[in-house]
Amino acid sequence: MKAFNDLADFSNEEIGALIELAGRLDAHPEPEALKGKVLSLLFLSPSLRTLASFQAAMVRLGGGSFVISPDMSIHGLEVRDGIVMDGVAAEHIREAVPVIASYGDAIGIRAFADRKKIENDLAETRFSALTELIDTPYINMESAMNHPCQSLADWKTMDDHNIPADGGKFVLSWAYHPKALPLAVPSATLHMAAKRGMDVTVLRPEGFELPAPIMQKAIFAAEDSGGSVTETSDRNEAMEGAQVIYAKSWSSTRHYGDKLADQKLREQHLDWCVDEPWFDNAKDDCRFMHCLPVRRGVVVSDQILDGPRSIVIPEARNRMLAQMAVLHQMLGAKS
Amino acid sequence: MKAFNDLADFSNEEIGALIELAGRLDAHPEPEALKGKVLSLLFLSPSLRTLASFQAAMVRLGGGSFVISPDMSIHGLEVRDGIVMDGVAAEHIREAVPVIASYGDAIGIRAFADRKKIENDLAETRFSALTELIDTPYINMESAMNHPCQSLADWKTMDDHNIPADGGKFVLSWAYHPKALPLAVPSATLHMAAKRGMDVTVLRPEGFELPAPIMQKAIFAAEDSGGSVTETSDRNEAMEGAQVIYAKSWSSTRHYGDKLADQKLREQHLDWCVDEPWFDNAKDDCRFMHCLPVRRGVVVSDQILDGPRSIVIPEARNRMLAQMAVLHQMLGAKS
Amino acid sequence: MKAFNDLADFSNEEIGALIELAGRLDAHPEPEALKGKVLSLLFLSPSLRTLASFQAAMVRLGGGSFVISPDMSIHGLEVRDGIVMDGVAAEHIREAVPVIASYGDAIGIRAFADRKKIENDLAETRFSALTELIDTPYINMESAMNHPCQSLADWKTMDDHNIPADGGKFVLSWAYHPKALPLAVPSATLHMAAKRGMDVTVLRPEGFELPAPIMQKAIFAAEDSGGSVTETSDRNEAMEGAQVIYAKSWSSTRHYGDKLADQKLREQHLDWCVDEPWFDNAKDDCRFMHCLPVRRGVVVSDQILDGPRSIVIPEARNRMLAQMAVLHQMLGAKS
């Protein structure tokens, strides 16, 4: 595997094999599989779960990693081309990224959206500018519009909890949050559920529609897998027969990059906090998922998060297992 | 071993076995004992020795670790229950702790005292609130009133330096320090020395008595072990025949949580800086111990710290060895 | 090997053996060579390449490391002797360094120059004050006037690119940079090239001469190796027949520690940015080297850095390989 950048690059069979491998590595550890192998971890955006789970994953497979993160005393890396670097930045990504990559057998990179022009973020210009600099195998640890490690973990989590793939009803719901958050997780999640063959409803207030190319990508995936994609702002309609609700806040596409307008719009929807009444016409055992971190009493009520519907902790643990499978395929001895 | 939280949970025989194991792992490394095993390290309070020694310990046993610390760009973790999280904190400990724990085979947690109500700190409400969230084996890396890793290392250090257990005279002395420091180390140290069977004297100025439940716990331990516990503010009386003086500053119990009153009281005792004259009627080879970091010229003189009485460096190295023994018993293959 | 502090401590044969070992470990990994071994990494000055490459090196050899760095919530370490520590610093290097060293089988230390009195920095007073505190094998990860890991990597890089040792022409060129940078890399580089047997020219504007003892050390090395050392401010003369130009900015020796005077002088030389016209009378295949990080458009043009002359990325990767060789000799089983 040269890159783990997008679930769309893999067939459902390949994804099934990764998930099976993840389960096998959990049940039957292979602490020598990646002996002496190094994963470079480059965070240009903050992290907790990703940071911890990748380090743990490499140790479990007998290798190791090192972390370069924005917490460190790195002078801001310059990203602009053709610039005279007489300001604060002492290093350009054109040197930093290849060098960091050269110390590893693979590199994980996290770089959030620029959040200026949506076309650029949809085109992943920032993330591509980084991966174009290297030949090393790489893993997308969250880019402007993608988060394939989260999606692989989410897919496995639904398998683990017997949430049906074909015909399972999946609701991706916007939720209120005081800040305008990236589109990476909702975009990746929508595509993942559609590709898994589920009937997916995007539930969001007006103004929080996901970008058309993101919807279209999911629709194509659904066509291949036998699933479907719809969207609505009607909660009752969306939740009818739902087997899982995946909550996530995201910024308004309508006001992309305009914090003030976004805030004004989102503050009209303080009531979008997932709570028990949401589940009135869902399946009895409808599950609650979230990528974490999650704000209690804002995105979801304590009752749901602490109750039997919530599978957010095993979902987070599956991050580690899913990544172990990816690393095993990427760096392990070819059989 | 499900938890390493308090020396009081272990018999003296069990402690002896841990110390013997620590020595054995030093003399005969076992670099495959914890192959592929992961220790999650969660620091909610800063650290140097604990941070370094646990990481080193896991590598020496063939495993690894990852660190989540307050230095990182983690938005302050919310600890309050039933709160609407619309402020700065983006994640609640109810998610963060189980998730971090789920990536490891065991978790080490450091969380200092709240220093508001002493009853809460004596009840370890803050630390227990964290460990109640997990099923994973855990290690107390310093809580409000305990520091069992330090105590195990200290016990081993006295064994290494032939300081007698039964009948050995141990002085735990308060010392001046510009800040009001936690009670964890003095509380744990007092109990450790009493449990080891030593005749322990707590030497402190008026107003710096240790809390009654801490004294009582040590007295019970002494009753079991054949040791004794007394307290005094008379240096000559305390140091008579002493075989070891363990210096540590701590805050005034009388003014717990009241920085100003504490400061006013402590500034009357600037002369509580351990120096050679303190040893006038101690045993000739009386040793000096301290958990570090230590302020030179404030807590102890250069002469003592750089002289033959001081065993603070081997004491600090024993942190690593003691923790290796704990990790080996907690995570190693059961024979 | 007890210390890797200065290339001058090693014969050219010993350096050749290290470089051969570095190449062998790259071609034939030894992921069990340092099983269970720990490298303590103490950074008193910031780092990216050194931080990453040492961690990766230890993993590749089957061991591990831990990092103590200025990014951490360590209260400034006190370095002064005989001080009453009633200020900010809570720990003295006399405890911190031996303790950190005691957790590792070897320790790497980085501590930049004080940049007050040049005599002190030339005498490495600051770095020696640290290494004198320990018995553990140690590695100089950059001191006031040395950077032996960089030099070993640079030597290997020239070998890899068939730049001749005997009679090869090496230009160490000053370049403009907005800040007054340390003398460690130029000093180490000059000595390394001279010791390798090359004809070395130091190209720098008036006022940026390297200190006399640094020049003298290189001249002695050249005498032994059959190389030569000259200096000039004439670019054409320097570049005549050059096979490699190693660019680096450094502070003015004439105004050492005087930022303002240094800045005034350096700003007269904004045109010292390596660009294609510099190579007019160099060898056709003259290479460009730099230790990184490098400021584009300030120290060197994009054209050079992105073109075929530049070998800065393999040079940076050789840091890891060179350090693996040092660690292998220092910590590996003696055959």
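A short reminder: the numbers here are calculations on the coordinates, not readings from a lab. Small disclaimer: the values here were computed from a predicted structure and weren't measured. So basically every Cβ, Gly included, is an ideal-geometry build from the backbone, and we count neighbours across all protein chains shown.
Observations on the model:
- A simple charge model with +1 on the Cβ of Lys and Arg, -1 on the Cβ of Asp and Glu and nothing else charged puts the dipole of region A:162-310 at about 600 debye relative to its Cα centre.
- Axial C-alpha extent at least 27 Å, average Kyte-Doolittle at least -1.0 - helices from chain A (DSSP): A:312-331
- The alpha-carbon of residue B:259 sits under 21 angstrom from the alpha-carbons of these lysines, leaving out residues fewer than 8 places away in its chain: B:116, B:117, B:179, B:248.
- Residue by residue, region A:120-131 carries 3J(HN,Hα) couplings of 5, 5, 5, 7, 6, 4, 5, 5, 4, 4, 7, 6 Hz when phi is fed to the Karplus relation 6.51 cos²θ - 1.76 cosθ + 1.60 (θ = phi - 60°); x denotes Gly or Pro.
- Residue B:201 long-range amide H proximity, modeled H, under 5 Å: B:170, B:171, B:172, B:230
- Note on B:84-96: average number of Cβ atoms from other chains within 10 Å of each residue's Cβ is 6.
- Scanning chain B for GluC sites (Glu not before Pro) lying in DSSP loops with no more than 12 further Cβ atoms inside 10 Å, the longest uninterrupted stretch between such sites is B:1-131.
- For residues of A:25-37, the mean tally of beta carbons on other chains within 10 Å: 3
- Centroid-to-centroid separation of region B:280-309 and region B:83-146 [C-alpha atoms, Å]: 34
- The protein assembly as shown, dipole about Cα centre (Lys/Arg Cβ +1, Asp/Glu Cβ -1), debye to the nearest 20: 300
- Rounded if a/c under 1.5, otherwise prolate or oblate - the protein assembly as shown, Cα gyration tensor axes: oblate
- Net +/- balance of residues flanking residue B:229 in space, Cβ distance below 14 Å, scoring K and R +1, D and E -1: 0
- What you get for region A:44-149, charging only the Cβ of Lys and Arg (+1) and of Asp and Glu (-1), is a dipole of about 380 debye around the Cα centre.
- Cα centroid separation, region C:215-266 to region B:195-223 (Å): 66
- Label separation (residue B:271 vs residue B:232): 1.7 nm, computed from points 7 Å beyond Cα along the C-beta direction.
- Sorted shortest first, the distances from the residue A:117 label point to those of the same residue in the other copies are 5.9, 5.9 nm; each point sits 7 Å from Cα along Cα-to-Cβ.
- The lysines within cross-link reach of residue C:283, meaning a Cα-to-Cα straight distance under 17 Å and a gap of 8 or more places when in the same chain, are C:169.
- Max mean-square fluctuation residue, GNM over chain B, Cα-Cα springs under 10 Å, options B:266, B:80, B:295: B:80
- Proximal aspartates and glutamates relative to residue B:334, as straight alpha-carbon distance under 18 Å, when same-chain residues fewer than 8 apart are discounted: B:14, B:20, B:30, B:32, B:105
- Model label sites at residue A:179 and residue B:216, defined 7 Å from Cα along the beta-carbon direction, differ in position by 4.6 nm.
- Among B:171, B:274, B:99, residue whose mean-square fluctuation peaks in a GNM of chain B (springs only between Cα atoms under 10 Å): B:99
- Cα-based shape type of region A:162-310, given that a ≥ b ≥ c are square roots of the gyration tensor eigenvalues and the cut on a/c is 1.5: oblate
- Value at 222 nm in deg cm²/dmol, rounded to 500, when DSSP H runs of n ≥ 4 in the protein assembly as shown each add -39,500 (n - 2.57): -11500 deg cm²/dmol
- Where labels lie 7 Å past Cα in the beta-carbon direction, separation of residue A:3 and residue B:264 in nm: 6.8
- Selected from C:128, C:143, C:249 as most flexible by GNM, with chain C as the system and alpha-carbon contacts under 10 Å: C:128
- Gyration tensor (alpha-carbon) shape descriptor, region C:31-171, a/c threshold 1.5: oblate
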